[in-house]
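Trainee: Quick one: the structure is below, and I'll ask about it shortly.
Every number here is computed from the coordinates shown, using simple stated rules; none is lab data. Only a predicted model underlies this, so the values are computations on that prediction, with no experimental measurement involved. Note: ideal-geometry Cβ built from the backbone for every residue, glycine included; neighbour counts use all protein chains shown.
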Amino acid sequence: MHSEGDTETAYTSWSSDRSLAEAAAEDICDTYNLSGGIVIFQVRTRSISLERIFPAREDEDEWLIEGTVEDVRISARALEDEDEQF
């Protein structure tokens, strides 16, 4: 729904697979002929109450988080992700 422009929702979608996040971002850049770099954001799911986290698409390792997501950081590279174990 987000990729089709429907952003009027109480949830944000997150993937626990960085390669899927990168692929989705690259696809959107190609579709809309966007230039510039891709920025991957991270959030520690363990910092969010379980009542706000819902499983979504299994094939995308996707999770929906209800409400505002705070303490988000920019992931500089894939190795950081592995070291931090988000």
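Trainee: May I ask for the net charge around residue 65, where only other residues with Cβ less than 13 Å from the Cβ of residue 65 are counted and Lys, Arg are +1 while Asp, Glu are -1? Provide the component values of the computation, followed by the final result.
Mentor: On the way: positive: 44, 46, 52; negative: 51, 62, 66, 70, 71.
Result for the local shell: -2.
Trainee: Here's something else I'd like to know. How big, on average over all directions, is the shadow cast by the Cα convex hull of the stretch 11-84, in nm²?
Mentor: Details: hull surface 22.0 nm².
Its average projected convex-hull area is 5.5 nm².
Trainee: Highest first, please rank the peptides 10-22, 43-55 by the mean number of other Cβ atoms sitting within 10 Å of their residues. Kindly include the intermediate steps, with their values, before the conclusion.
Mentor: On the way: 10-22: 15.8, 43-55: 12.1.
Final packing ranking: 10-22, 43-55.
Trainee: Give the long-range amide H neighbours of residue 40: residues separated by 5 or more places, or on another chain, with amide H under 5 Å away, using H modelled in the peptide plane at 1.01 Å from N.
Mentor: For residue 40, the qualifying residues are 75.
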